[in-house]
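Can you read through this structure? Questions will come right after.
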Amino acid sequence: MNQPGESLRDRKKRRTRAALERATVRLSAERGYDHVTVEEIAAEADVSVRTFFNYFASKDEALIGADPEAGPRMAERVLAAPDEVSPFEAYRRSVLAEITDELNNARDLWLLRKEVLMQRPDLLVRAFANSAQYEQLLADAVGRRAGLPEAHLYPRLLVAAGSAAFRCAVTRWAVDDDVALGDLVSEAFDLFGTGLAHVPKHHHEGGS
């Protein structure tokens, strides 16, 4: 499934990025992360070293696999959703739109990446730092959409809960390959959404 409004060039970029991530994770799992070079990763993905560095500043970044455009892209979707869509639903749709075929078919890659990252706690910390950055961007977008003051807890709680729901879905997906990741994420959002689906009324400006 291609993402709506995605150009051929964007699609090609997304596939090249995914191929480089796969090569990094697979080679690292086979040989040990420290024994794999950028040259070998590029060769495995059938691209030049220069192309590798167009996508990732380092081997570490390729292993973590964080797409720098994901946060802004998701925040933009939250803000661009139709007026009648609630902030909760706009956020939910934005997350689900990220689950493309590449991601749905990448179960083995997720498991391998987790294995490699467990051997490198320093990179695990960096992976979490990336997530925190995205969460902040998304919370700002949800807050703007909900018309809530910047310090309000609701947008942060919604996005943090959404991230937790996503992680829970991935954990379940890792042990159950009969279910699509998108279905599990959707189910996880439905489960917590009954409590966070409505924007609360705030009584004092700037309060939380």
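Using the alpha-carbon atoms, what tilt in degrees (0 to 90, nearest 10) does helix 181-196 show relative to the longest principal axis of the chain?
30 degrees
Now for a separate question. Taking segment 8-110 as the region of interest, what is the percent of Cα-Cα pairs per 5 angstrom bin, listed from the shortest bin to the one with the maximum distance?
So the P(r) values, bin by bin, are 2, 12, 20, 20, 16, 12, 8, 5, 3, 1, 0.
Let me ask something else about it. Using Cα atoms only, what is the angle between the long axis of helix 87-97 and the major principal axis of the chain, expressed in degrees (0 to 90) to the nearest 10?
20 degrees
Sticking with this one: Quick check: from the Cα gyration tensor, does segment 1-64 come out rounded (a/c under 1.5), prolate or oblate?
Note, shape of segment 1-64 comes out prolate.
Also, quick follow-up: For the peptides 73-79, 119-125, what is the packing order when you average, over each peptide's residues, the other Cβ atoms within 10 Å and list the highest mean first?
73-79, 119-125
Quick one: net charge around R120, please, counting Lys, Arg +1 and Asp, Glu -1 for every other residue with C-beta under 15 Å from its C-beta.
0
Which value, in debye to the nearest 20, describes the size of the charge dipole of the chain about its Cα centre when Lys and Arg Cβ atoms bear +1, Asp and Glu Cβ atoms bear -1, and nothing else is charged?
Approximately 300 debye in magnitude.
Does anyone have the angle between helix 153-175 and the longest principal axis of the chain? Alpha-carbon axes, 0 to 90°, nearest 10?
40 degrees
Shifting gears a bit: Name the residue farthest towards the positive end of the dipole of segment 113-155 from the options Q133, L148, V116, assuming +1 on Cβ of Lys and Arg, -1 on Cβ of Asp and Glu, about the Cα centre.
The residue sitting farthest along the positive end of the dipole is V116.
For the chain, what mean projected area does the convex hull of the alpha carbons give, in nm²?
Here the figure is 12.5 nm², rounded to one decimal.
Label segment 102-190 by shape, choosing from rounded, prolate and oblate, from the square roots a ≥ b ≥ c of the eigenvalues of the Cα gyration tensor; if a/c is under 1.5 it is rounded, and otherwise prolate applies when a/b is larger than b/c, oblate when it is not.
Oblate, because a/c is 1.5 or more while a/b does not exceed b/c.
Counting Lys +1, Arg +1, Asp -1, Glu -1, what net charge surrounds D140 among other residues with beta carbon under 15 Å of its beta carbon?
Here the count lands on +2.
Applying a 10 Å radius around every beta-carbon, put 174-183, 52-61, 160-169 in order of their mean neighbour count, most first.
Highest mean packing first, the order is 160-169, 52-61, 174-183.
Here, each number is a calculation from the coordinates, and none is a lab measurement. It should be emphasised that the depicted structure is a prediction, and the values quoted were computed from it without experimental measurement. Heads up, the Cβs are rebuilt from the backbone with ideal geometry, glycines too, and the neighbour counts pull from every protein chain shown.
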